[in-house]
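Colleague: Would you mind keeping the following structure in view while I ask a few things?
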Amino acid sequence: MVGTSPTMTIRMGFALALGLWLATSGGLARADEAPAKPQRIVSLNMCTDELVLRLASPKHIASVTWLSQDPRNANMAGLARSIPANHGLVEQVLALKPDLVIAGAYTTRSTVALLKRVGMTVREFGVPSNLAEMRRQIHDMANLLGEPQNGEALIAEIEARLAALAGRPRPAHPRAIVLRPNGFTTGRGSLVDEILTAAGLTNLAAELGIDNYGQIALETVALGQADILILNTTPDGPPSLAHEILHHPVLARLGDRLKLVALPAKLWTCAGPAVIDAIELLLDAAAPPPAGKTP
């Protein structure tokens, strides 16, 4: 609309969404009233999508994000494709008449605020920084969904797989560094750092004093004396400037003296059972070659 300010546009969108909600629901819900077992769940974050898909009955899931329907980026894409997708818009959510909306730390803040403002039951989940927090998040999500037994079963599966991996021989703590699109790496205080530790690797980024996520120069990667370079990639993903650094000639040359490992982003973007796959893949990559063979 010509001459309409961004603030007015947001207010108009809110008014339309509120009108739709009032017309179809008969009134406002109380935001603190979460049903014991939600019947119409809407998830607005790819990582909460995955937990909802793993823990709730599909008949109780009204919508997940469109991102979760892409098998290149999501671990539950097959099931997600059988469920209506949303793009995180308030109008979409209200039209679905959910009794529970689940958001993540990076869900659009204006959407979350508007949904709370109209009285929607919204629960937000953060980003676990270690395996213990991951297990607690699964427990909390399962209880919220009214499926505590599914949460217990999923945690037990994770524990069993970790126990099996713990019995595998570990390398002598080779130094590894993760390189993500746009030259980002992962340091201390992150789930990725704990995944590297669980695989018997020493995180070079942590040794360099990087906390959580930070950028690192290719020169630092080249001179850092790492034994393993982990490229966080999405197989067959669309070309982008952010991913160009992962194909830099310097990295190809580094392959002459260190081991390059391609780790699909979906294995550790979200905290869930797939991180155990990431640990197993790294254990395989770091394992010494069989006797009599050279790498």
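Colleague: Looking only at the range 46-73, count how many residues are surrounded by 18 or more Cβ atoms within 10 Å (Cβ to Cβ) and touching a Lys or Arg at 6+ places or on another chain (Cβ under 6 Å).
Modeller: 2
Colleague: Determine whether Val192 is farther than 13 Å from Arg180 by Cα, modelled with pLDDT of 85 or more and not polar (S, T, N, Q).
Modeller: no
Colleague: Do you know which residues across the range 160-185 are more than 17 Å from Leu267 (Cβ to Cβ) and either assigned to a helix (DSSP H, G or I) or among the basic types (Lys, Arg) (or both)?
Modeller: Scanning the range 160-185 gives Ala160, Ala163, Ala164, Ala166, Arg168, Arg170, Arg175, Asn182, Gly183.
Colleague: Just the residues that are assigned to a helix (DSSP H, G or I) and more than 20 Å from Pro38 (Cβ to Cβ), please, taken from the range 67-77.
Modeller: Those that are assigned to a helix (DSSP H, G or I) and more than 20 Å from Pro38 (Cβ to Cβ): Leu67, Gln69, Ala77.
Colleague: Can I ask one more? Give the number of residues within the range 78-105 that are touching an Asp or Glu at 6+ places or on another chain (Cβ under 9 Å) and either in a strand (DSSP E or B) or buried (at least 23 other Cβ atoms within 10 Å of the Cβ) (or both).
Modeller: Result for the range 78-105: 4.
Colleague: Test Asn73 against the criterion of being touching a Ser or Thr at 6+ places or on another chain (Cβ under 8 Å) and modelled with pLDDT of 95 or more, and give yes or no.
Modeller: So Asn73 does not fit the description; no.
Colleague: Can you tell me which residues in the range 106-159 are in a loop (DSSP other than H, G, I, E, B) and under 23 Å from His87 (Cβ atoms)?
Modeller: Tyr106, Thr107, Thr108, Val118, Gly119, Met120, Thr121, Gly126, Val127, Leu145
Here is a yes/no grid of residues against (1) among the aliphatic types (A, V, I, L, M); (2) modelled with pLDDT under 95:
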{"position": "Ala34", "(1), (2)": "yes, yes"}
{"position": "Leu44", "(1), (2)": "yes, no"}
{"position": "Gln69", "(1), (2)": "no, no"}
{"position": "Leu100", "(1), (2)": "yes, no"}
{"position": "Arg117", "(1), (2)": "no, yes"}
{"position": "Ile138", "(1), (2)": "yes, no"}
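Colleague: Take the range 155-199 and flag every residue that is surrounded by fewer than 22 Cβ atoms within 10 Å (Cβ to Cβ), touching a Lys or Arg at 6+ places or on another chain (Cβ under 9 Å) and either of a type in the set (Ser, Thr, Tyr) or without any contact (Cβ under 8 Å) to a residue 40 or more places away in the chain (or both).
Modeller: If the condition is that a residue be surrounded by fewer than 22 Cβ atoms within 10 Å (Cβ to Cβ), touching a Lys or Arg at 6+ places or on another chain (Cβ under 9 Å) and either of a type in the set (Ser, Thr, Tyr) or without any contact (Cβ under 8 Å) to a residue 40 or more places away in the chain (or both), then Ile155, Glu159 are the ones that fit.
The values are calculated or read from the model by the stated rules, or taken from the named source; none is laboratory data. Everything numeric in this text was worked out from a predicted model, so none of it was measured. Glycine also receives a Cβ, built like all others from the backbone with ideal geometry; neighbour counts cover every protein chain displayed.
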